[in-house]
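Every read-out reported here was derived from the displayed coordinates using simple, explicitly stated rules and does not represent laboratory data. Just so it is clear, the structure is predicted and the values come from calculations on it, not from any experiment. Ideal geometry is used to build each Cβ from the backbone, glycine not excepted, and the neighbour counts take in all protein chains shown.
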Protein chains: 2
Amino acid sequence: MSSAPLRGATELPGRQPLYSQVRDRIVLAIEQGEWDAGEALPSEFELADRFGVSQGTVRKGLDSLAAEGVLIRRQGMGTFIAEVADDWGKAELPGATRPLDTSLELLACARSNAGEEAAEALRLRRGAILLAVKRLVRVAGEPFAVIENFVAAERFEGLDARRIKQANCNLRTVWWREFGLRVISAPPQFRAGMAGREEARLLGVEADRPLLEVARTAGGLDGEPVEWSVLRCRTDHYVYRV
Amino acid sequence: MSSAPLRGATELPGRQPLYSQVRDRIVLAIEQGEWDAGEALPSEFELADRFGVSQGTVRKGLDSLAAEGVLIRRQGMGTFIAEVADDWGKAELPGATRPLDTSLELLACARSNAGEEAAEALRLRRGAILLAVKRLVRVAGEPFAVIENFVAAERFEGLDARRIKQANCNLRTVWWREFGLRVISAPPQFRAGMAGREEARLLGVEADRPLLEVARTAGGLDGEPVEWSVLRCRTDHYVYRV
DNA sequence: TAGTGGTCTAGACCACTTG
DNA sequence: AAGTGGTCTAGACCACTAC
């Protein structure tokens, strides 16, 4: 939050461009809760004053965060902190281009131990204590997908079903409001699997029917992995679009 | 190829920003074969002269094409036409982040009639005459996926197996070299399906095993749909990453 | 040394939104 | 009318590449 100009850092060997330093300073301010979701940032000129750079340089930093989906810029209005969204793909009718509306339901929130994939993705040791959140996605009221999210229990002390439900089952909102953490997802991995007994029951399909599996990690704005998650969905009625 | 300044268009009602007009002019020049793949474009200042705008405006246009993967910019060297790549996702080991090397083999190139999905995607009538290209993707020598591409036969008169093999089975290279067409893919749709008898045989899996299906359309730099394609892959050994 | 793209500035004007 | 982001310019300097 200091107003020290950024130039001092420009002589260091591992020097970053000014606009990139501006981006990082803004990220820091966001993480420190300086502005709430939906709130407007100061104007480009105010930020330029604060960071001791020109308005064009601030613009480049803001544009990069807008491209990442962290900020929303509207001509004539200002630059706003984006509402965080659970940025999974969307259900669509095959061949269609319009995403369908979905609803989320919390199934469980419990401690578990890291399996091989989760441990590797989160850079933890195998068996580390995780929190596992299990949710059901519905399309037009019908079960479409089961999502499991895993995070390090240590970092998310106090997470429980009540807090998740308060945020309408949007975990990104929970990470942001309760833990001051904003995350961005890496490109997912895809696999075709079979419905186990549990998924078959939840999704209302027969066991041994093919299910689409989507797995991904998400990291903080600084790049550190925070969350590993898997979505399993039936694709007999709808398809999944990235 | 004319050198008329761009300003004249700025008074039109559907006016585009100058940098966007610069982008379109460069796209046009690329499509007219002014530069080959791998070749360098004129410098920013030369292009600025040619289009009658400032160097910064040219830069914005070039940057947007670089972001789309059409151009590659290298400090101190210049701006180059990117080699076209078949931009499917990659095969990876589960949990890994490094893509594996793949090879392509042409299975067939034949005429067919547009099914419902292909017709809709390509904005043609159902039953329109298409060219269907079928290829096999191998990872470490083992069959991994079957890709089918569909294009309007009318637009790709003269396409045959020989021309495809000459381009190492890279269809994007064929579109570019033989038909002067550069395409960009839209986000794909995913589905979990079952291996039919034909895919099972080609991929070396049992019939009724789950297969991952990835479908997408690709359009020209002007946005018109050109190609519809489907990839079907086994995900028992490797996974598919976007 | 010359030429390229990469960064940064200062200032101008435009388009849009709100009061 | 005032304030915001969006575009555009002209010019400066830097970092990298080639010769």
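Would you calculate a helix-derived [θ] at 222 nm for the protein assembly as shown, using -39,500 (n - 2.57) for each DSSP H run of n ≥ 4 and dividing by the full residue count, to the nearest 500?
After summing the helix terms and dividing by residue count, I get -7500 deg cm²/dmol.
Shape call for the range A:116-167 from the C-alpha gyration tensor, a ≥ b ≥ c root eigenvalues: rounded (a/c under 1.5), prolate (a/b greater than b/c) or oblate?
Here the range A:116-167 falls in the oblate category.
Work out how much length A:Gln166 to A:Asp101 would gain on full extension: take 0.36 nm times their residue separation and subtract the Cα-Cα distance, in nm to one decimal.
That works out to 21.4 nm of additional length.
With a cut-off of at most 12 other beta carbons within 10 Å, and DSSP calling the residue loop, which GluC sites (Glu not before Pro) in the range B:203-242 qualify? Please list them.
B:Glu206
Could you check the spin-label model distance between B:Glu154 and A:Gln16? Points 7 Å from the Cα along Cα→Cβ, value in nm.
5.3
Rounded, prolate or oblate, given the Cα gyration tensor of the protein assembly as shown, with a/c below 1.5 counting as rounded?
Oblate.
Report the FRET efficiency, 1/(1 + (r/R0)^6), for A:Glu39 and A:Ile184, where r is their Cβ-Cβ distance and R0 is 22 Å, rounded to 0.05.
Efficiency, from the Cβ-Cβ distance: 0.65.
Is the C-alpha gyration tensor of the range A:7-81 telling us rounded, prolate or oblate? Criteria: a/c under 1.5 is rounded; beyond that, a/b larger than b/c is prolate, otherwise oblate.
The shape class here is prolate.
Sorted from shortest, what are the nm distances separating the label point of B:Ser185 from equivalent points in the other copies, each placed 7 Å from Cα along Cα to C-beta?
Reported distances to equivalent positions: 1.8 nm.
Report, as an integer, the average count of C-beta atoms from other chains found within 10 Å of each Cβ along B:229-237.
2
Note the direction-averaged projected area, equal to a quarter of the hull surface, for the Cα convex hull of chain A, in nm².
15.5
I want the local charge near B:Gly219. Using Cβ-Cβ distances under 15 Å, sum +1 for each Lys or Arg and -1 for each Asp or Glu among the other residues.
With Lys, Arg at +1 and Asp, Glu at -1, the neighbours total -3.
Let me confirm one metric for peptide B:209-219, namely the mean number of other chain beta-carbon atoms within 10 Å of its residues' beta-carbons.
Neighbouring Cβ atoms belonging to other protein chains average 4 per residue here.
Ordered shortest first, which distances in nm separate the 7 Å Cα→C-beta label point of A:Glu68 from those of the other copies?
Values, ascending and in nm: 2.6.
State, to one decimal in nm, how far the label point of A:Arg73 lies from the label point of A:Arg125, with both points 7 Å from Cα in the Cβ direction.
Label at A:Arg73, label at A:Arg125, 4.7 nm between them.
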